[in-house]
Amino acid sequence: MDLGISGRRAAVAGASSGLGLATARALAAEGVSVAICGRDLERVTQAAASIEGTVVPIVADVSGIDGSTSFVEKAVAALGGDIDILVTNAGGPPVGTFASTPVEDYLAALELNLLSVVAMCKAAVPAMQARGWGRVVAITSISVRQPIPSLILSNTARAGATGFLKTLALEVAGDGVTVNSVQPGSHDTDRLRSMYGGDLSSVASGTPVGALGRPEDFGAIAAFLCSDQARFITGAAVPVDGGAYKALL
């Protein structure tokens, strides 16, 4: 399927590996010029080189407001024009429970998984509104629907981001800009391996489909939400989790 976005410009945050990289690869395959960011120059440069198409590596730390804003500004400069597609993404905060997590740790988590999303949208969305076309896709987590034990910081911050995104979607819907989030479950990524010590067999068997998600499949879903065909989808939070979320709504 031709997604109708060839020639568009995209900024994909946190794309030196994992789901961000898979999303950048899927967009580039559709003829989108993509700027990706990571904190390490060597890693993000290698990631960009692994993708066919026009891909620009940018060093940026999107764990806070300034770095998130700077990434969008650098992407605009590197791609030679305003961003048509914004994919927000960042790593997760440390594990912890209510009992083990100090109150002061919440601020960094909110900056990482909520305020970074707000800042990137602030930097990119007004230009989309002015042009009458834009796509925002946020990579969040299935924990927004079904909190994950020992991830209280992530559960809290990403739920806040989802509330922001839904509100933004309603405010800009009439301007040709769609805003959606994609909620990954367990995918075979470095992040998941670091959480489980490299052995993901128990995680895979605990998923209803009996396997981990493939990053490239996730990237295809995220890219579709950026498509012309997805113009009537906005304000949605799409679980991509192999059936792990079990509630009706």
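Please treat every number below as a calculation from the coordinates, not as lab data. Given the structure is predicted, the values throughout are model-derived calculations rather than measurements. Glycine gets a Cβ as well: all are built from the backbone with ideal geometry, and neighbour counts include every protein chain shown.
Among the residues of segment 94-152, those identified as within 20 Å of the chain's Cα centre (by Cα), closer than 16 Å to Asp82 by Cα and not aliphatic (A, V, I, L, M) are Cys121, Lys122, Pro126, Trp133, Gly134, Arg135. Of the residues making up segment 125-184, those that are of a type in the set (A, V, I, L, M, F, W, C) and in contact with an Asp or Glu (Cβ under 6 Å, 6 or more places away or on another chain) number 2.
From the list Ser6, Ser33, Ser16, Ser70, the lone residue that is polar (S, T, N, Q) and without any contact (Cβ under 8 Å) to a residue 24 or more places away in the chain is Ser70.
Within segment 25-52, the set of residues being under 15 Å from Arg8 (Cα atoms), touching a strand residue (DSSP E or B) at 6+ places or on another chain (Cβ under 7 Å) and of a type outside the set (A, V, I, L, M) comprises Ser33 only. Filtering Thr88, Thr101, Thr97 for residues that are buried (at least 20 other Cβ atoms within 10 Å of the Cβ) and hydroxyl-bearing (Ser, Thr, Tyr) leaves a single hit, Thr88.
Only a single item in (1) in contact (Cβ under 8 Å) with a residue 40 or more places away in the chain; (2) at positive phi is not met by Arg135, and it is number (2). Which residues, taken from segment 197-249, are over 26 Å from Ser16 (Cβ atoms), of a type in the set (Gly, Ala, Ser) and out of contact with any helix residue (DSSP H, G or I) (no Cβ under 9 Å at 6 or more places or on another chain)? Within segment 197-249, Ser201, Ser202, Ser205, Gly206, Gly243, Ala247 qualify.
For (1) under 26 Å from Pro215 (Cα atoms); (2) of a type outside the set (A, V, I, L, M); (3) in contact with a Cys (Cβ under 6 Å, 6 or more places away or on another chain), each residue gets a yes or a no:
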| site | (1), (2), (3) |
| --- | --- |
| Arg43 | yes, yes, no |
| Gln46 | yes, yes, no |
| Ser70 | no, yes, no |
| Glu73 | no, yes, no |
| Ala90 | yes, no, no |
| Ala99 | no, no, no |
| Gln129 | no, yes, no |
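Take Ala127 and decide whether it is in a helix (DSSP H, G or I) and out of contact with any Lys or Arg (no Cβ under 7 Å at 6 or more places or on another chain). Against the criterion (in a helix (DSSP H, G or I) and out of contact with any Lys or Arg (no Cβ under 7 Å at 6 or more places or on another chain)), Ala127 qualifies.
Residues that are surrounded by 20 or more Cβ atoms within 10 Å (Cβ to Cβ) and basic (Lys, Arg) within segment 158-190 comprise just one, Arg158.
Yes/no per residue for (1) within 20 Å of Gly213 (Cα to Cα); (2) in contact with a Phe, Trp or Tyr (Cβ under 7 Å, 6 or more places away or on another chain):
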{"site": "Asp105", "(1), (2)": "no, no"}
{"site": "Glu111", "(1), (2)": "no, no"}
{"site": "Val125", "(1), (2)": "no, no"}
{"site": "Gly132", "(1), (2)": "no, no"}
{"site": "Ile142", "(1), (2)": "yes, yes"}
{"site": "Ile148", "(1), (2)": "yes, no"}
{"site": "Ile152", "(1), (2)": "no, yes"}
{"site": "Gly163", "(1), (2)": "no, no"}
{"site": "Leu170", "(1), (2)": "no, no"}
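Residues of segment 27-57 that are surrounded by 15 or more Cβ atoms within 10 Å (Cβ to Cβ), more than 22 Å from Gly92 (Cβ to Cβ) and among the aliphatic types (A, V, I, L, M): Leu27, Ala28, Ala29, Val32, Val34, Ala35, Ala48, Ile51, Val55, Val56.
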